[in-house]
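The values are calculated or read from the model by the stated rules, or taken from the named source; none is laboratory data. Note that this is a predicted model, so its numbers are computed, not measured. Here the Cβ positions follow ideal geometry from the backbone for every residue, glycine too, while neighbour counts run over all protein chains shown. Surface accessibility is based on the protein's heavy atoms, side chains included, excluding ligands, DNA and RNA. Shrake-Rupley method; radii C 1.70, N 1.55, O 1.52, S 1.80 Å.
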Amino acid sequence: MKRIKFPKRYLIVFLTFISTCVCYIERVGFSIAYTVAADAAGVNQSSKGTILSTFYYGYACSQVPGGWAAQKIGGRRILLLSFVLWSLTCAFVPLDPNRVVTLVVARLLVGVAQGFIFPSIHTVLAEWVPPHERSRSVSLTTSGMYLGAAAGMLLLPSLVKFRGPQSVFVAEAALGAMWSLLWIKYASDPPRPEHPKATAASFGESLLPMKRSQKVKVENGGSSVKTAGIPWKSIIFCLPVWAIVANNFTFHYALYVLMNWLPTYFEQGLQLSLHDMGSSKMLPYLNMFIFSNIGGVMADHLITRKILSVTATRKFLNTIGFLVASFALVALPLFRTAGGAVFCSSVALGFLALGRAGFAVNHMDIAPKYAGIVMGVSNTAGTLAGIVGVDLTGQLLEAAKTNYSDLSTPESWKQVFLIPGLLCTFSSIVFLLFSTGEKIFD
């Protein structure tokens, strides 16, 4: 029997999926381990918010440089460099809440290193994945974030309880090292366009509409390659890019607030133990994993079957996802039981993940050649959301603790979840008005 050949691009997508999974195990792991260590040391909520948000300062600084480096040096190499740097930092830094300077520097370094990851991934996927597979490929890759967060929420509280907070850093460093070895062994750059077996991003390109002014004449079956520099001015002043930026900011504001403060909400807002909650605490992130992939499959189905245009598909899924998430976020503090809070947060995060089939794939719709650059620009906004949201939440909770004596009342958490709820509504309107599925930059 003829041997069935497994396309290399599928392996690349799977490895990028594992990479995002490992990264979010690290992020959730730090919030869990640091929360336990900080509470034991008597650190207040405002100070906790400052430390938890430090990561995002470093993360913000490296987004655009990460996109530029991936464009110039190659996404494959930059992605590997990122993993090596943050894994080494986790391996050698002690988790001691009283050593504030050490923790701040370490989280900045981890943030800078991980800031290169998503621009690199988008550059790799834009090179390897044809347009008619992009929605589900990007959705699968990014769903690794949520599976990683779910795995972290399920397993790491027990690891902290039995082996101590420092054990989380050791486990994260080991995972990063193992992924790096897999990437070295199996990843490669895509075939050159002139190669007869090339399956890079030009394959299936006709499924994406392109504005008339952007079309390039191709003669004798060849393909023209532009060598012009990165069109920074056009990118910065492009309204569809800003539509992506607005939704990236909102998505990450909601995600990072929940990721960093949901453990505190369960333990102090609802008086529950994360360890005693068992597997239920991972459901919000598991729901994100499921809905992210549902959104990707739906988007590719709607586009390839020509049920909706690329533009209409992106707007439809983005709007549904963000509006449902908005209602769930606003309602979250009204649920006072573990089941109710898990259900509401699962709906919010699940539909936010569904919305990623709208804005998060749109980078490659409008600028496949500069996907890493546009991703870097928009993810900088998403990172700023982490800085603002995580730190602001700490200040809101510290003020609420002063007004209500503790954090066990719904009023203490109302503003925390109202802000991302309103942002979801606003950004969905922006995306409806200004986004497009047409290729703008070539």
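Working from Cα positions, state the angle (0 to 90°, nearest 10) between the long axis of helix 371-404 and the longest principal axis of the chain. On a 0 to 90 degree scale, this one is about 10. With a simple spin-label model that places each label point 7 Å from the Cα along the Cα-to-Cβ direction, the separation between Tyr186 and Glu438 comes to 4.0 nm. Note on Asp276: accessible area is roughly 120 Å² with a 1.4 Å probe, heavy atoms of protein only. This model, with +1 at the C-beta of Lys and Arg and -1 at the C-beta of Asp and Glu, gives region 240-331 a dipole about its Cα centre of some 460 debye. Close amide H contacts of Lys439 (hydrogens built in the peptide plane, cut-off under 5 Å, sequence separation of 5 or more or a different chain): Met210, Lys211. Across region 427-433, coupling constants 3J(HN,Hα) worked out from phi with the 6.51/-1.76/1.60 Karplus curve, θ = phi - 60°, read 5, 5, 5, 4, 5, 4, 7 Hz, and Gly and Pro carry x. Taking only protein heavy atoms and a 1.4 Å probe, the accessible area of the chain is 66% carbon and sulfur. Label-to-label distance for Arg305 and Lys233 is 4.5 nm, based on points extended 7 Å past Cα in the beta-carbon direction. For the modelled label position 7 Å from the Cα of Thr337 along Cα-to-Cβ, which residues of region 258-279 have backbone nitrogen atoms closer than 11 Å? Counting backbone N atoms under 11 Å from the label point, the list is empty. Here is the size of region 231-312 from its Cα atoms: Rg then Dmax, 18.6, 53 Å. Applying the Karplus relation 6.51 cos²θ - 1.76 cosθ + 1.60 with θ = phi - 60° to region 316-322 yields 3J(HN,Hα) values of 4, 5, 5, 5, 4, x, 6 Hz, where x marks Gly and Pro. Here region 1-62 is assigned +1 on the Cβ of each Lys and Arg and -1 on the Cβ of each Asp and Glu. Its dipole about the Cα centre then comes out at about 780 debye.
Gyration tensor over the Cα atoms of region 292-347: the corresponding equivalent ellipsoid has semi-axes (square roots of 5 times the eigenvalues, largest first) of 31, 11, 5 Å. Residues considered: Ile294, Ile78, Ile236. Largest GNM mean-square fluctuation over the chain, using C-alpha springs under 10 Å, is found at Ile236. Contact order for region 338-442, expressed relative to its length and based on alpha carbon pairs under 8 Å spaced 6+ residues apart, stands at 39 percent. As a calculated quantity, the FRET efficiency between Ser405 and His132 at R0 = 60 Å, using C-beta atoms, amounts to about 0.55.
The charge dipole of region 5-159, taken about its Cα centre with unit charges on the Cβ atoms of Lys, Arg (+1), Asp and Glu (-1) only, comes to about 500 debye. Of the listed pairs Lys8/Lys306; Lys8/Lys281; Lys72/Lys281; Lys8/Lys72, which have alpha-carbon separations greater than 30 Å here? Flagged as over cut-off: Lys8/Lys281; Lys72/Lys281.
Taking all protein chains into account, the per residue accessible area for the chain stands at 41 Å² (1.4 Å probe). Taking all protein chains as shown and a probe of 1.4 angstrom, His301 keeps an accessible surface of around 80 Å².
For the chain, the longest piece that avoids every one of the trypsin sites (Lys or Arg not before Pro) found in DSSP loops with at most 13 other C-beta atoms within 10 Å covers 337-442. Counting only DSSP H runs of at least 4 residues, each contributing -39500 (n - 2.57), and dividing by the residue count of the chain, the helix-based mean residue ellipticity at 222 nm comes to -25000 deg cm²/dmol. Backbone phi angles across region 251-267, fed through the Karplus curve with coefficients 6.51, -1.76 and 1.60 (θ = phi - 60°), yield HN-Hα couplings of 4, 6, 4, 5, 5, 6, 4, 5, 4, 8, 10, 4, x, 5, 4, 5, 7 Hz in residue order; Gly and Pro are listed as x.
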